[in-house]
Amino acid sequence: MSTVPSRPTHHRRLRWQALAGFLALSAIVGAVAALAVATRSEAHNLLARPSWAPPSGLYGPVWTAMLLLLAVAGWCYWRTDGETRGFAFYGVCLLLTLLWTPLFFAGGAHVLALADVVVLDLVVLVTMGAFGRRSKLAAWLLVPYLLWLLFSTAVNAAVVWLN
């Protein structure tokens, strides 16, 4: 009797392992963000914010949902045997997302954070285009993420302006 799993079983297992990998990458980004928010400076707490900025308690749950969507989008694209270029853009999205929270909250580098999130907005659009050529679902899963990023860009810009 062979110990090698049948092709369908092996393929199914690989799909779930890949999803776990995408979720783990997003969890790392989320953990860095949570750490940055938890260690934000007293100076950050004293910043003027726009009246339409969401309450602080909303950021964690929304970012968690956005990172989950980002992970599932990457997985959906992976399932199509997606091109390397699409994954390169996806990786840049993760990296820029990873950098934004520490820059904005812990580092007090609001202008750098604004530059980061503006570039991130553009990279997400490019990623959506790359993903959409192979998986419409993967591209559409990035729409809420892009909308949240655009809102975050506006909040970041307002913080820079007001301070």
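Work out the length of the dipole vector of the chain about its Cα centre, built from +1 on the beta-carbon of each Lys and Arg and -1 on the beta-carbon of each Asp and Glu, and round it to the nearest 20 debye.
Details: 11 positive and 5 negative charges, 146 e Å.
Charge dipole of the chain: 700 debye, to the nearest 20.
Kyte-Doolittle cut-off 1.0, length cut-off 24 Å along the helix's own axis using Cα: show which whole DSSP H helices in the chain pass. Write down the numbers at each step before the final one.
Numbers: long enough: 7-38 (46 Å, 0.70); 56-78 (34 Å, 1.20); 84-101 (27 Å, 1.31); 110-132 (32 Å, 2.03); 143-162 (28 Å, 1.71).
Both cut-offs are met by 56-78, 84-101, 110-132, 143-162.
Which of the chymotrypsin sites (Phe, Trp or Tyr not before Pro) across the range 13-91 are loop residues per DSSP, with 13 or fewer other Cβ within 10 Å? The partial results should precede the final answer.
Numbers: sites: TRP16, PHE22, TRP52, TYR59, TRP63, TRP75, TYR77, TRP78, PHE87, PHE89, TYR90; in loops: TRP52.
Sparse-neighbourhood loop chymotrypsin sites (Phe, Trp or Tyr not before Pro): TRP52.
Helix-only mean residue ellipticity at 222 nm, the chain, DSSP H runs n ≥ 4 weighted -39,500 (n - 2.57), per residue, nearest 500. What is it?
Helices in the chain give a 222 nm mean residue ellipticity of -26000 deg cm²/dmol.
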Peptides 33-39, 99-105: what's the order by average Cβ count within 10 Å, highest mean first?
99-105, 33-39
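A short reminder: the numbers here are calculations on the coordinates, not readings from a lab. Quantities reported herein were computed from a predicted structural model and do not represent experimental measurements. All Cβ positions, glycine included, derive from the backbone under ideal geometry; neighbour counts span all protein chains shown.
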